[in-house]
Amino acid sequence: MRQSELFTKTRREAPADEVAKNAQLLVRAGYVHKEMAGVYSYLPLGLRTLNNIVQIIREEMNAVGGQELVMTALQDKDLWSRTDRWDDDKVDNWFKTSFKSGGETGLAITHEEPLTRIMTDHISSYRDLPVLAYQFQNKFRNEMRAKSGIMRGKEFLMKDLYSFAKDEAEHKVLYDKVRAAYVRIFDRMGIGAETYVTFASGGIFSAFSEEFQTVSDAGEDTIYTDEASRVSVNKEVYNDETLAKLGLDKDTLVEKKAIEAGNIFNLGTRFSEQLGLTFTDESGARKPVVMGSYGIGPTRLMGILVEVLADEKGLVWPLAVAPFAYHLVSLGKSGDDITLVADELYDDMVKQGIKVLYDDRDLSAGQKFAESDLLGMPKRIVVGREAVATDVFEVIDRRTGAVVKTPRAQLLG
Ligand code: ATP
Ligand code: MG
């Protein structure tokens, strides 16, 4: 894409009320627009990044047999009343509204209830199990805290997958598969080393859940990790009983600030019993389906990547999620020989299917480099006088600053 055609502009200042580093940088770089506190629009560069994150998650969910669907944002009050999750004193972050024709509805906070009900139309025998089904869908939560930028939205994207099994043993197989897929997701995004599978409270579902916590000073959570085993415990369940159960020694644990990027739950038969999702087993007996739920926030992940990887000059994207692999920066003025060489290289790269953002604007080198740093593509190719003379280009690694002189043929290979 030619930068002269990109409608978004960068800016020097973030919104005055924005305290989170991730949102400050993403707004300044034109990746997102702040609508209101905790509510953000994704602009072209931001959407490309988000879509790359979504695609990695989708590939990993498909690889373990997940089937993608999409459910509604508007929720049926009667359904949520059956599981006792409609009343505001049971779930305190609903956005609710009413129909002109009468009756209330709520904007989706999560989807255990609707998917369990959908499955009652499709699961009736042990032969119909197991099932893994997932979606990417905007969730709405009336969050009180709004200090974390896109990491804590009132409207945000979630990937939520749900598992349906005939018994605990079958459930365990699914759970372990999805857990391993989550580990791969964090590895592919380049934050595997900073991300700990962490014991946490089960919330409303069960005694424990497992959280994927990425270490960062911007985190709202506190975790205790044992570096040798990489076992980690959330502060909310950090007590002598839990440590004994996990075989952890207080003295070897290190306290860290972290951000929850994902959360996986054993739901047991709570929802299937309440909503009548049963099946007939091999002996003809009617039984409730054993369920699990597995959440991960692509928009929060995008914020985490900024918190963990950005530097004082701006964004730094890993190649796997960057909107463009290369930022081609021409130091030419329109019509000169530098511009001709840059145009030609750009056309050739596009023909090769290489993702490249081409800064073809008439601006000073200083301005262009500062903006290129802010935008954060993994590699910058500079086209200046030397490149015209030699057909060799300076390629600068955004993260390390390392410069490699690269001949044209190699750039296109
Ligand atoms: P938190 O404790 O941070 O509020 P949660 O326990 O409410 O998170 P879940 O309900 O398990 O989160 O949601 C699954 C995933 O969705 C989380 O791991 C996180 O990645 C993402 N997520 C949850 N709330 C938000 C939010 N307000 N904004 C962005 N992403 C979110
Ligand atoms: Mg929450």
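The values are calculated or read from the model by the stated rules, or taken from the named source; none is laboratory data. Keep in mind it's a predicted model, so treat the numbers as computed, not measured. Reconstructed Cβ throughout: ideal geometry from the backbone, glycine too, with neighbour counts over all protein chains shown. With ligands, DNA and RNA removed, areas are computed over all heavy atoms of the protein, side chains included. Shrake-Rupley method; radii C 1.70, N 1.55, O 1.52, S 1.80 Å.
A few points about this structure:
- For Asp221, the residues whose amide H sits under 5 Å from its own are Ala258, Glu260, ignoring neighbours fewer than 5 places away on the same chain, with H placed 1.01 Å from N.
- Within-11-Å neighbourhood charge of Arg385 [Cβ basis; K, R +1; D, E -1]: -3
- Taking 1.567 mPa s as the viscosity and 4 °C as the temperature, the Stokes-Einstein diffusion coefficient of the range 301-373 based on its alpha-carbon Kirkwood radius rounds to 95 µm²/s.
- This model, with +1 at the C-beta of Lys and Arg and -1 at the C-beta of Asp and Glu, gives the chain a dipole about its Cα centre of some 640 debye.
- Percent of alpha-carbon pairs separated by more than 28 Å within the range 1-142: 42
- Taking every DSSP bridge with both residues inside the chain, close to 80 percent are antiparallel.
- The chain: relative contact order in percent, alpha carbon pairs under 8 Å with at least 6 residues between: 16
- Loop GluC sites (Glu not before Pro), the range 226-292, which have at most 16 other Cβ atoms in a 10 Å radius of their Cβ (DSSP): Glu227, Glu282
- In the range 1-33, GluC sites (Glu not before Pro) in a DSSP loop with at most 13 other beta-carbon atoms within 10 Å: Glu13
- The distance separating the Cα centre of the range 96-166 from that of the range 314-333 comes to 36 Å.
- Convex hull (Cα only) mean projected area of the chain, reported in nm² to one decimal: 24.6
- Total lysine pairs whose alpha carbons fall under 28 Å of each other in the range 257-413 (8 or more apart, or interchain): 20
- Gyration tensor verdict on the range 171-230 (Cα atoms; rounded if a/c is under 1.5, prolate if a/b is larger than b/c, oblate otherwise): oblate
- Signed unit charges on C-beta, dipole axis of the range 157-272, positive-most listed residue Leu246, Ser209, Met158: Met158
- The chain - accessible surface per residue (Å², probe 1.4 Å): 45
- Residue-span extension gain [Ala169 to Lys96] - 0.36 nm each, minus C-alpha spacing: 22.4 nm
- With R₀ set to 22 Å, the beta-carbon distance separating Leu340 from Val404 gives a calculated FRET efficiency near 0.40.
- Oblate is the label for the range 219-314, because the ratio a/c of its alpha-carbon gyration tensor axes (a ≥ b ≥ c) is 1.5 or higher and a/b is not greater than b/c.
- Note on Lys245 and Arg230: the extension gain reaches 3.8 nm, defined as 0.36 nm multiplied by sequence separation minus the Cα-Cα distance.
- Gaussian network model of the chain, springs between alpha carbon atoms under 10 Å - residue of Thr97, Thr299, Thr105 with greatest fluctuation: Thr97
- Cα gyration tensor shape of the range 24-105, rounded if a/c is under 1.5, else prolate or oblate by comparing a/b with b/c: oblate
- Of the Cα atoms belonging to the range 249-395, the radius of gyration and Dmax stand at 26.2, 81 Å.
- Alpha-carbon Rg/Rh ratio, for the range 114-270, with Rh computed the Kirkwood way: 0.99
- Among Arg380, Arg11, Arg141: highest mean-square fluctuation, GNM of the chain, C-alpha pairs under 10 Å: Arg11
- GNM flexibility winner over the chain from Ile396, Ile296, Ile118 (Cα, springs under 10 Å): Ile118
- Shown is the FRET efficiency for Thr105 and Glu35, computed with R0 = 25 Å from the Cβ-Cβ distance and rounded to the nearest 0.05: 0.70.
- Whole-angstrom Cα spans of the range 58-172 along principal axes, big to small: 41, 35, 24
- Trypsin sites (Lys or Arg not before Pro) restricted to DSSP loop in the range 96-129 with at most 13 other C-beta within 10 Å: Lys100
- Label-point gap, in nm, between Arg82 and Asp128 - each point 7 angstrom along Cα→Cβ: 1.4
- Label sites at Thr72 and Val392, each approximated as a point 7 angstrom past Cα along Cα to Cβ, lie 6.5 nm apart.
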